[in-house]
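Step one of this worksheet: look at the structure below.
The values are calculated or read from the model by the stated rules, or taken from the named source; none is laboratory data. Please read all numbers here as calculations on a predicted model, not as lab measurements. Quick reminder, even Gly has a Cβ in these numbers, built from the backbone with ideal geometry, and neighbours come from all protein chains shown. For the accessible areas, the whole protein counts, side chains as well, though only heavy atoms, and no ligand, DNA or RNA atoms are used. Shrake-Rupley method; radii C 1.70, N 1.55, O 1.52, S 1.80 Å.
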Amino acid sequence: MESKLKTNGLTQRMTIGDFLLRRLEEAGVRHLFGVPGDYNLTLLQQLHDRSALEWIGNTGELTSSYAADGYARLNGLGALLVTNGVGALSALNGVAGSYAEHVPTICICGSIPLRSMDRGLGMHHTMADGNYDHFLRAYAPVTAAQARITPRNAATEIDRLILTAWREKLPVYMEFPSDIAYLEIEVPTAPLVLAEPPSDQERLRSCIAAIVERLSVAARPAILVDADAHRFGVASDLMELARKIQAPVAVINAAKSVIDESFPHYVGIYAGNGSEARVQETIENSDSLLAIGYRPIEVTTGDFTATLPAGTIHARGHAVDVGDDNYQAVTIKEVLRGVIEAVPQVMNRATRPIAAPATAGQQADASAPLTQAAYWQAIQGYLREGDVIYVDNGTSFSILGLKLPPKCTFIGSINWGSIGYSIGALLGAMTAAPERRHVLLIGDGSFQVTAQELSTILRHGHKPAILLINNGGYTIERGYIGKTEPYNDVANWAYADLPKVLHPGTSAQSFVVRTCGDLKKALSAPNDKLLFVESIMDSCDAPAAITRSSNLGAELDYGPRGPQHRENLQLRAGAV
């Protein structure tokens, strides 16, 4: 049990495990995801005894890492607990995704006892080569900090890792030897405070002045937003700035929903030549573009066709580039607050409201076979204010073309692109915000990677709407190559039956949809219990935008000698 023998007003005696759990609680982490293993059971027992954090056991470490990521996106910080070697490497992919997507998670790995390291004893879940640093090194490229906790460093390293994750909006890795959890050390009595270090005041003033000078004389200012605007909590500041200077705001697809799409100055998604003409013109012709956390890759730039204006102001979490000047030791929040206060109010700059997305059309015949076009038109009408909306890799990326209602949150693995991510993320984010409606949009191929985690979702009584497209495989890949090749096929499952298989006695509602009328009926069902809708479609039916993107991706990936030019090997827009 927890020991609290105080030695003075500033410190107290506490076991290392209890101190770690206390610090997680103080950082706002209320749930811990993971899989038990003998090396982490001492910490798990302490968690059970404290009854403060809730343990959410998963079906595997990969989905634990996805769940911690989803949890952090709504909670601000997430954590998972795995075991040495096998567990750590299983979670590595998801932690790498958190790194790519700038999501702060803490991966705690129960590891081999310190006494075994000191004595050079061979242990299971190792490479049996006497080297105990393999997994610390494996995590180094995909985390902002790593440490092995010992009785000598625990009081400082635990705080350092948690603060690093929160401040940098990146994952960290902590190895926690199994024989130290119950050892007592002296720790601070003061709670852990999640706070940014104060900015250098001269650098802050100079940075604000430089940005204000540019925005004040601009005839065509604009703001471009990446996901860091959400991670660092500045979306509302950006909208306030846009109102004050009457500037249009665009997002890249990784930042879908970061700016409320009903906001009068929101113009849409910028992706180079993949943008609507008005959005592309707004961003590329701006004479003072403020870009927030912009990180271009091919899937966010229309295959590298994005062209930001020369002199774009690039603001990141803790640094800003204005022309040739780089400002360090500043925080994006303080910079934006200073700019909002100092920039002159603009009253008469013309703005145009965003056009409605081109999803509406004639209502399909209720008896007609369901198509992608009819499906996404129906999804547009299904979404409502405040939804948390998840997308997985595949034709579900069509959600990027829909207009989201106010106060929605979009969760996806856009930069990392790991299929199956969304099911674990769904569990994590529902755990963080159970009061909101959660809508998962996923294809059969992605679903099969992590389908087992649906059992955990059911076990905890969550009630998401899971909308699955069953089209026989990886349709998005058929747009690259392999239109009808077997390597893009997956085994057909009775998807709608899975809730009852994975959680016997469940009250979940399931529907198998083949026509437009079937879909309308399924989506009209009350979402007071888990709703599972399996929509069956042709394997070569894909939204035109998705197919065009895959066709361009094939050119980029395979080059002029690639097989994509063979006749009928590649799914093309409009081909069914």
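Here are the numbers for this structure:
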{"item": "The listed residue being among the hydrophobic types (A, V, I, L, M, F, W, C), assigned to a helix (DSSP H, G or I) and either touching a Gly at 6+ places or on another chain (Cβ under 9 Å) or closer than 30 Å to Phe19 by Cβ (or both), out of Ala190, Ala229, Ala242", "result": "Ala229"}
{"item": "Pair list, Cβ < 7 Å and 6+ apart or interchain, from segment 194-210 residues that are modelled with pLDDT of 95 or more and basic (Lys, Arg) to residues that are part of a loop (DSSP other than H, G, I, E, B) and open to solvent by 50 Å² or more (accessible area, probe 1.4 Å)", "result": "Arg203/Ala329"}
{"item": "Qualifying helices (runs of 4 or more DSSP H) (wholly inside segment 13-75; at least 3 residues being under 27 Å from Leu114 (Cα atoms) and aliphatic (A, V, I, L, M))", "result": "16-26, 41-50"}
{"item": "Residue count, segment 327-348 (criterion: of a type in the set (S, T, N, Q), under 19 Å from Pro198 (Cβ atoms) and surrounded by fewer than 17 Cβ atoms within 10 Å (Cβ to Cβ))", "result": "1"}
{"item": "Residue within segment 155-176 that is hydroxyl-bearing (Ser, Thr, Tyr) and more than 19 Å from Ile108 (Cα to Cα) present", "result": "no"}
{"item": "Residue match in segment 230-237 (condition: of a type in the set (Phe, Trp, Tyr) and within 30 Å of Pro171 (Cβ to Cβ))", "result": "yes"}
{"item": "Selection count, segment 251-262, where residues are at negative phi and open to solvent by 10 Å² or more (accessible area, probe 1.4 Å)", "result": "5"}
{"item": "Tyr99 vs. criteria open to solvent by 10 Å² or more (accessible area, probe 1.4 Å), in contact (Cβ under 8 Å) with a residue 24 or more places away in the chain, hydroxyl-bearing (Ser, Thr, Tyr) and under 27 Å from Thr409 (Cβ atoms)", "result": "yes"}
{"item": "Qualifying position, being within 15 Å of Gly424 (Cα to Cα) and either touching a Gly at 6+ places or on another chain (Cβ under 8 Å) or open to solvent by 10 Å² or more (accessible area, probe 1.4 Å) (or both), among Arg22, Arg50, Arg73", "result": "Arg73"}
{"item": "Unique residue being assigned to a helix (DSSP H, G or I) and surrounded by fewer than 17 Cβ atoms within 10 Å (Cβ to Cβ) when the list is Asp129, Asp118", "result": "Asp118"}
{"item": "Residues located in segment 538-554, provided they are among the aliphatic types (A, V, I, L, M) and under 20 Å from Gly401 (Cα atoms)", "result": "Ala542, Ala544, Ala545, Ile546, Leu552"}
{"item": "Selection count, segment 143-173, where residues are closer than 20 Å to Tyr132 by Cα, charged (D, E, K, R) and not in a helix (DSSP H, G or I)", "result": "2"}
{"item": "Every residue from segment 543-576 that is in a loop (DSSP other than H, G, I, E, B), out of contact with any helix residue (DSSP H, G or I) (no Cβ under 7 Å at 6 or more places or on another chain) and within 16 Å of Trp376 (Cβ to Cβ)", "result": "Val576"}
{"item": "Test set (1) within 18 Å of the chain's Cα centre (by Cα); (2) in contact (Cβ under 8 Å) with a residue 40 or more places away in the chain - Asn40 fails condition number", "result": "(1)"}
{"item": "Pick from segment 113-146, criterion modelled with pLDDT of 95 or more and of a type in the set (Val, Ile, Thr), ranking: nearest to Leu20 (Cα to Cα)", "result": "Thr143"}
{"item": "Single residue of segment 197-221 satisfying the filter (assigned to a loop (DSSP other than H, G, I, E, B) and open to solvent by 60 Å² or more (accessible area, probe 1.4 Å)) that is nearest to Glu284 (Cα to Cα)", "result": "Arg220"}
{"item": "Within segment 389-418, considering residues that are outside any strand (DSSP E or B) and aromatic (Phe, Trp, Tyr), the one most open to solvent (accessible area, probe 1.4 Å)", "result": "Trp416"}
{"item": "Set Thr156, Thr189, Thr150: member being more than 31 Å from the chain's Cα centre (by Cα), within 27 Å of Ala96 (Cα to Cα) and of a type in the set (Ser, Thr, Tyr)", "result": "Thr150"}
{"item": "Considering residues of segment 543-554 that are open to solvent by less than 50 Å² (accessible area, probe 1.4 Å) and in contact (Cβ under 8 Å) with a residue 40 or more places away in the chain only, the residue nearest to the chain's Cα centre (by Cα)", "result": "Ile546"}
{"item": "Test for Asp228: is it among the acidic types (Asp, Glu), under 21 Å from the mean Cα position of the chain (by Cα) and either open to solvent by less than 40 Å² (accessible area, probe 1.4 Å) or at negative phi (or both)", "result": "yes"}
{"item": "Which numbered condition Val142 fails, given (1) under 31 Å from the mean Cα position of the chain (by Cα); (2) open to solvent by 40 Å² or more (accessible area, probe 1.4 Å)", "result": "(2)"}
{"item": "Subset of segment 159-186 [open to solvent by 40 Å² or more (accessible area, probe 1.4 Å) and more than 28 Å from the chain's Cα centre (by Cα)]", "result": "Asp179, Tyr182, Leu183, Glu184, Glu186"}
